[in-house]
Every structure is written in C-alpha cells, then in structure tokens.
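Student: Pasting a structure below so you can have a look.
The values are calculated or read from the model by the stated rules, or taken from the named source; none is laboratory data. Here the structure is a predicted model, which is why all the values come from computation and not from measurement. Using ideal geometry, Cβ is built from the backbone for each residue, glycine included, and neighbour counts are taken over all protein chains shown. For accessibility, only protein heavy atoms count, side chains too; no ligands or nucleic acids. Shrake-Rupley method; radii C 1.70, N 1.55, O 1.52, S 1.80 Å.
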Amino acid sequence: MRQEHIYLLFTNTGTLLTKAIGLYTKAEYNHVSLALDLELNEVYSFGRKHFRNPFWGGFVKESTEEGLFQNADCSIYAYAISPKQSKKLKRALAIFKSRQDTYHYNFLGLFGVMLNKPVRRSNAYFCSQFVASLLMEAEIVSFNKPPELITPQDIQQIPELISIYRGKLQDAV
C-alpha cells in the first residue's frame, strides 16, 4: 500500500500570547500547525489573521517565511498516512478553506483546557483543537479526550510521529 505523509509543525514564536500560554503549560512549543508538504508551502492552523493583532484570529494558511515565524523555534514531525486518510483529510480541509471567513479563534477554549472543561463554540477553534479535529475526522489518530481539550503537547505525543527537524524555522525552509 502506497503511503503519503503529513507534517506537524510545532512552534514557539515568542509572542506575548505564546509566553502567557507557556507560563501555564511549561512546554517548549505552544502552537501546532498541519502541513501537507515538507517544503511547508501548505501549512494550516488557527491563529492570527494579521500578525500585529493577536485578537483577530481564525483559520489561517500560514506563511513560515514571514511575520511571527521569522524568528520562531520549531520541531517538525512526519506522519505516514494512507491514500484514503489523505483524501478524507483534504476533504475536511477543503471545508475550512471554503468557509474560512466564518471561523474564529476559540480564546474561551484555552480557559476550558486550563479547567479541563471542553468549551465547544460554533466555528471556533484554537490551534491544537483544529489539528486534532482534522486528524480525528480523517481517521488518522484518535485521542482519549475531546478535541476541545487537546494541547500541542498531546499531539506531540502521538507515538508514530517521526521527528525530522528541530531548530530555527527559517533554517528548515
């Protein structure tokens, strides 16, 4: 059976929000994105729609060569998927792309994670909730808790992840 790969990009951009989340999580990386290619041309997540405004967030196609990512530290992992899983993932991603203006950042959900109480909001996600939802929708990975409680650290613990790079994001692309 032919295998394809997706890539999970974990970053620390050093922003105020990242630092605040890091105070709680004590984790090295507090943002996760899903990439369809190793060159990181197609990278998707939930985050800032404009790098100067942390409160205007939602579904974004991220550019790893500009804005907040210019000085980011990162880890990149590969994950092998089947063609069937790839098709399901791309179909789910296409829905987000087609309705991108209807999605918002789930700030309240971050507090839900802290309190271990899932906060479900219509058309609102935070980064790891989005990535976990896609992985679950495409039947790639299942988690033992709802996507509204999944952190980047939970995703980084997926056993089949293959570490392929760790360092400055600009040196990877």
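Student: What part of the accessible area of the chain, given as a whole %, is carbon or sulfur when the probe is 1.4 angstrom?
Tutor: Percent of accessible area from carbon and sulfur atoms in the chain: 52.
Student: Loop-only check: which GluC sites (Glu not before Pro) in the stretch 14-116 are DSSP coil with at most 16 other Cβ within 10 angstrom?
Tutor: Within the stretch 14-116, the qualifying GluC sites (Glu not before Pro) (loop, at most 16 other Cβ atoms within 10 Å) are Glu28, Glu39, Glu42, Glu65, Glu66.
Student: Only four residue types carry charge here, +1 at the Cβ of Lys and Arg and -1 at the Cβ of Asp and Glu. Report the dipole size of the chain about the Cα centre in Debye, rounded to the nearest 20.
Tutor: About 580 debye.
Student: Output the relative contact order of the chain, whole-number percent, from Cα pairs under 8 angstrom with separation of 6+ residues.
Tutor: After rounding, I find 28 percent.
Student: Please arrange Met114, Met136 by accessible surface area, largest first, computed with a 1.4 Å probe and ligands excluded.
Tutor: Met114, Met136
Student: Moving on. Can you give me the pair-distance distribution of the stretch 90-173, C-alpha pairs, 5 Å bins, whole percents?
Tutor: All Cα pairs, binned at 5 Å, distribute as 3, 13, 21, 20, 19, 16, 8, 1 percent.
Student: In the Gaussian network model of the chain, springs joining C-alpha atoms below 10 Å, which of Leu38, Leu149, Leu17 carries the largest mean-square fluctuation?
Tutor: Of Leu38, Leu149, Leu17, the most mobile in the Gaussian network model is Leu17.
Student: Compute the convex hull volume of the Cα atoms of the stretch 63-111, divide it by the residue count, and report the result per residue in Å³ as a whole number.
Tutor: 162
Student: If you don't mind, another one. If you take the charge dipole of the chain about its Cα centre, with +1 on Lys and Arg Cβ and -1 on Asp and Glu Cβ, which of Gln100, Ser45, Ile76 is farthest toward its positive end?
Tutor: Gln100
Student: If you build a Gaussian network model of the chain, linking Cα atoms that sit under 10 Å apart, which residue out of Leu23, Leu40, Leu108 swings the most?
Tutor: Of the options given, Leu23 has the highest mean-square fluctuation.
Student: While we're here: Can you give the Rg to Rh ratio for the chain, taking only C-alpha atoms and Rh from Kirkwood?
Tutor: With Rh from the inverse mean 1/r over Cα pairs, Rg/Rh is 0.93.
Student: Sequence gap at least 6, Cα distance under 8 Å: using those rules, report the relative contact order of the stretch 82-173 to the nearest whole percent.
Tutor: 29
Student: Write out the trypsin sites (Lys or Arg not before Pro) in the stretch 1-94 meeting two conditions: DSSP loop, and at most 12 other Cβ atoms within 10 Å of their Cβ.
Tutor: Taking the stretch 1-94 and a limit of 12 other Cβ atoms within 10 Å, the loop trypsin sites (Lys or Arg not before Pro) found are Arg2, Lys26, Arg52.
Student: Now for a separate question. How much net charge surrounds Ala124 when only other residues with a Cβ under 15 Å from its Cβ are counted (Lys, Arg +1; Asp, Glu -1)?
Tutor: With Lys, Arg at +1 and Asp, Glu at -1, the neighbours total +3.
Student: Let me ask you something else. Could you work out how much longer the chain between Ala94 and Glu160 gets when fully extended? Use 0.36 nm per residue separation minus the Cα distance between them, nm to one decimal.
Tutor: Contour length minus Cα-Cα distance gives 21.2 nm.
Student: Straight-line reach only, C-alpha to C-alpha below 14 angstrom: list the aspartates and glutamates that Lys19 could link to, leaving out same-chain residues fewer than 8 apart.
Tutor: Partners found: Glu28, Asp73.
Student: Keeping every protein chain present and rolling a 1.4 Å probe, give me the accessible area per residue for the stretch 60-154 in Å².
Tutor: Roughly 51 Å² per residue, with all protein chains present.
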